[in-house]
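This report refers to the structure that appears directly beneath it.
The values are calculated or read from the model by the stated rules, or taken from the named source; none is laboratory data. Just so we're clear, the structure is a prediction, and the values are computed from it rather than from any experiment. Virtual Cβ from ideal backbone geometry, glycine too; neighbours counted across all protein chains shown. With ligands, DNA and RNA removed, areas are computed over all heavy atoms of the protein, side chains included. Shrake-Rupley method; radii C 1.70, N 1.55, O 1.52, S 1.80 Å.
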Amino acid sequence: RRRSTRATQSTWGVRDKDVKNILCCACSLQELPLSFCSSQNMRLRDLEYVKTKLHWLEQKRLWPNGSRYLWTDAFGVVLLVSLYEELHDENYLLRAEWVVSEVQRVLGRSKGIRIGEDPDMDGQYFHYLAMWMFALKSLGEHKPEYKQRAIELVQDVHEHFFVEERGMWWKMKEDLSGPYAGSETTINDVFTAYVVYRLIDEHDLSDEISDVKAVIEAWYDKVEITQDLPCGMLLWCTHVFPHERWARFQRTSCLTTLRQLWVSNNGSGFFCRDVSHPYIKFASANFAISLGLQAVEKEIDKVEKLNAFFEEATAAGGLDMNVSSHIMACVSHFPGKFIVDNKQQTSAAISPCARLAAVSVTSPLASMSTGSQLHKVNGFRHHKSDAMHPA
């Protein structure tokens, strides 16, 4: 037990007495020195916050040594790889590999990965899988075998989730034998698939990329994402290939939506769920929006304000964040490898928008007629365990 404690302190680089001081001190990021931001841009780089938060999570046996949940683990692995690249400490890379092995052991299936460890977290979500693919790709930059795992995961699940001309099933049965009861197709996941597939390997995944690219060509300028979390994640997608037409269109659309969702609150603030629910707010969704805004380098003042709002709410006892929210708070304070160097990305131009006949099956796209100009789509369906309690 003593050896374990010493290893934890060495890995995270913080002392126990620092945890209470930092986590319970709800200070606005506006008051922090500029060293917390990158010298080249306004993306945050608050490494002490992240190390302290991770130390606290491990001491409470919440993460990485708690129950497995794919969304949390995906963001956590990317965070660990980011810390390794920033601090050159091999322990972070070793921990990332350990998390990957535990996810495979606990959640891995013959094809794909289960949502979470708890009994009610059955089935598979594509957007969870997509972020896990991105995590494997990030680790694969240092350990090539993980890139191959990402390729194999795409090839295992894509044909089960993808529906030609319609998008992706948002949730599948655990054995991928069919869509989960009540599942619908969604356009949101197509954007994520396109970006992540291309980042992993454009050659080996050329067929899968072609599938999702065709759907984007048909629908990218006909949908508007109106909900907090999918809007933030789509905004993040747009920064990877920023000059493609779909990315320019959806970046403008997402930023417009987010301005409508912003709620000021005594010098800080938050993004509400959607325009019809101005007082409902979710921590994890706000941190996803923070990632999106930092990716496109827009409205960083709101990033600072939402970080301050949720820190203050948590310290005051008005908000009990779950493990996913704590990990995503770390990403909000240090996006690290989630920020892709788009100068290295090629720009495969999206051809002029093709016109499709109306889809005749029940789905978010089912009511879309070719004569309409814009269609509002709420976006990701999230498992109840991933939702934050309204503050």
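Odds and ends about this structure:
- In the range 19-32, the qualifying residues are those that are closer than 17 Å to Cys330 by Cβ and part of a loop (DSSP other than H, G, I, E, B), and the one that is modelled with the highest pLDDT is Cys24.
- Exclusive hit being open to solvent by less than 10 Å² (accessible area, probe 1.4 Å) and without any contact (Cβ under 8 Å) to a residue 40 or more places away in the chain, set Leu205, Leu235, Leu261: Leu261
- Just one of the numbered conditions (1) surrounded by fewer than 21 Cβ atoms within 10 Å (Cβ to Cβ); (2) outside any loop (DSSP other than H, G, I, E, B) is not true of His243: (2).
So that you can scan it fast, the table gives a plain yes or no per residue for (1) within 28 Å of Met168 (Cα to Cα); (2) hydroxyl-bearing (Ser, Thr, Tyr); (3) at pLDDT below 95:
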| site | (1), (2), (3) |
| --- | --- |
| Met42 | no, no, yes |
| Thr52 | no, yes, no |
| His55 | no, no, no |
| Glu97 | no, no, no |
| Arg105 | yes, no, no |
| Ser110 | yes, yes, no |
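- Candidate set: the range 55-82, residues that are without any contact (Cβ under 8 Å) to a residue 24 or more places away in the chain and part of a loop (DSSP other than H, G, I, E, B); chosen: the one surrounded by the fewest Cβ atoms within 10 Å (Cβ to Cβ): Arg61
- The set of residues in the range 296-322 being more than 21 Å from the chain's Cα centre (by Cα) and free of Cβ contacts under 8 Å to residues at least 40 places away in the same chain consists of Gly317 alone.
- Residue match in the range 89-100 (condition: without any contact (Cβ under 8 Å) to a residue 24 or more places away in the chain, open to solvent by 60 Å² or more (accessible area, probe 1.4 Å) and not in a helix (DSSP H, G or I)): no
- Counting only residues that are open to solvent by less than 30 Å² (accessible area, probe 1.4 Å), over 13 Å from Leu129 (Cβ atoms) and touching a residue at least 60 places away in the same chain (Cβ under 8 Å), the range 164-182 holds 1 of them.
- Qualifying helices (runs of 4 or more DSSP H) (wholly inside the range 123-223; at least 1 residues being β-branched (Val, Ile, Thr)): 144-161, 188-200, 206-219
- Only a single criterion out of (1) under 20 Å from Asn307 (Cα atoms); (2) loosely packed, with under 13 Cβ neighbours inside 10 Å; (3) at pLDDT 95 or above is not satisfied by Ser35, namely (3).
- Search result, residues across the range 208-229 that are within 14 Å of Thr186 (Cα to Cα) and open to solvent by less than 10 Å² (accessible area, probe 1.4 Å): Val212, Val215, Ile216, Ala218, Trp219, Lys222, Val223, Ile225
- Members of the range 66-124 found to be of a type in the set (A, V, I, L, M) and closer than 17 Å to His55 by Cα, listed by number: Val77, Val78, Leu79, Leu80, Val81, Leu83, Leu87, Leu93, Leu94, Ala96, Val99
- Residue check, Ala150 open to solvent by less than 60 Å² (accessible area, probe 1.4 Å), out of contact with any Ser or Thr (no Cβ under 7 Å at 6 or more places or on another chain) and hydrophobic (A, V, I, L, M, F, W, C): yes
- Screening Ser284 against (1) out of contact with any strand residue (DSSP E or B) (no Cβ under 9 Å at 6 or more places or on another chain); (2) over 23 Å from Met321 (Cβ atoms) leaves a single unmet condition, (2).
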